[in-house]
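**Student:** Here you go, one structure.
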Amino acid sequence: MPDRPEGRTRLLMIDDDRKLCRLVATYLQPLGFDVTAVHTGPDGVDRATTAEEPWHAIILDVMLPGIDGFEVLKKIRAKSAVPVLMLTARGDETDRIVGLEVGADDYLPKTFSTRELLARLRAVLRRSAATAAATGAGEKPPTELVVGALRVNLDARSAVMDTAPLILTPVEFDLLASLAKAKGRVKSREALLDECRDRNYDVFDRSIDVHISSLRKKLGDDAKEPRYIRTVRSAGYMMVGPE
C-alpha cells in the first residue's frame, strides 16, 4: 500500500451519480479520506490504472457510461490488486456474483448507509494493510507452503504456480493460505469466512463459493477433476496435493 500523506486515505469513486459522489465525499472527508470522483467507465480505468495516482481503495458502480463496472474492474485487475468495493443496484445477486468473479473484494447495494460503507471500506483496507506490512517486513525468513507446483509465501502474501506469479485479491490470497495451511483437512465455508473476512455473513451467503471459483481459475484447476481445491459435498473445501 502506498504511503498516506498525513495519514489520509486516497479513495477513487467511479460512479455517474454525482450527487451520491458528493454525499460520500462529504461524509468521508472528516474521517481521513480524500475522495476523487470520476463519472464514466473509461475515465475510471484511466484514473484507476495510472501509476502516478496510487489509490488505497476504489468504490466502483456497476452501471456506468462508456463501459460498465465489470469491464472497468477487469482492466483494473489486469494491473493492480487495489481493494475494490463494488456498488450494485438494489443488491442484485447476479451483479454481486459477477463482481466477485471478476475480482471485487466486497460488494454493497446502492441503498447502503454511510456507516455500512465506512465499515466495509475499513475492512478491505485492513486486509490490504496486512499485505503491505507483510511484504515490507523482510527481516525474518519467509514462511512458505508448498503444494505441488504451488508455492504460497505467507509473509510476502504472494503465490507462485511453477514460476508464474498469481495475481490474487486479498480475499483470494487469504482463502488460498487457509486451505494450504490445512492441506488434507476439510475447511467449512463458515470457517473460511471467519478467517478471511472482517464482517459477519448470513449462513446462506454463497460468496465464498464465488471466490473459490475465481481462485480455481487462477490456479488452472478443474472443479470436476481438482488437482488443488476439492469440494467436499455438504462440508466445504479441502486443499489436496497434485498426484
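What follows is calculated from the coordinates using simple rules that are stated; it is not laboratory data. Keep in mind that this is a model prediction, so the values were computed, not measured. No Cβ is skipped: glycine too gets one built from the backbone with ideal geometry, and neighbour counts run over all protein chains shown.
**Student:** Over the residues of region 139-239, compute the C-alpha Rg and express it relative to 2.2 N^0.38 Å.
**Tutor:** On the way: Rg = 13.2 Å, N = 101, 2.2 N^0.38 = 12.7 Å.
Normalised Cα radius of gyration, region 139-239: 1.04.
**Student:** A further question on this structure: Which three semi-axes in whole Å describe the equivalent ellipsoid of region 12-62, each the square root of 5 times a Cα gyration tensor eigenvalue, listed largest first?
**Tutor:** Equivalent ellipsoid of region 12-62: 17, 14, 7 Å, largest first.
**Student:** A further question follows. Listed highest first by mean packing, meaning other Cβ atoms within 10 Å per residue, what order do 229-236, 21-28, 80-87 come in? Let's see the in-between values first.
**Tutor:** On the way: 229-236: 13.2, 21-28: 16.4, 80-87: 23.5.
Answer by packing, highest mean first, reads 80-87, 21-28, 229-236.
**Student:** Moving to a separate point now. So for the pair Leu118, Met63, with labels modelled 7 Å out along Cα→Cβ, what separation do we get in nm?
**Tutor:** 2.8
**Student:** Another question, if that's okay. With the crude spin-label approximation of a point 7 Å out along Cα→Cβ, what separation in nm comes out for Arg126 versus Asp194?
**Tutor:** Between Arg126 and Asp194, the simple spin-label model gives 1.6 nm.
**Student:** Suppose we take every Cα in region 5-134 and form the convex hull; what volume per residue is that in Å³?
**Tutor:** Hull volume normalised by residue count: 100 Å³.
**Student:** Could you tally the net charge around Arg77, taking each other residue with its Cβ under 13 Å from the Cβ of Arg77, Lys/Arg +1 and Asp/Glu -1?
**Tutor:** +1
**Student:** Once you have a ≥ b ≥ c as the square roots of the Cα gyration tensor eigenvalues for region 25-96, tell me rounded if a/c is under 1.5, and otherwise prolate or oblate according to whether a/b is larger than b/c.
**Tutor:** oblate
**Student:** Between Asp209 and Leu23, what is the label-point separation in nm under the 7 Å Cα-to-beta-carbon projection?
**Tutor:** 3.3
**Student:** Express in whole angstrom the spacing between the alpha-carbon centres of region 72-129 and region 213-243.
**Tutor:** A separation of 25 Å, based on Cα centres.
**Student:** Can you find, among Leu73, Ala37, Trp55, the residue farthest towards the positive end of the dipole of region 35-91? Put +1 on the C-beta of Lys and Arg, -1 on that of Asp and Glu.
**Tutor:** Of Leu73, Ala37, Trp55, it is Leu73.
**Student:** Among the trypsin sites (Lys or Arg not before Pro) within region 51-89, which fall in a DSSP loop and have no more than 15 other Cβ atoms within 10 Å of their own Cβ?
**Tutor:** Answer by residue number: Lys79.
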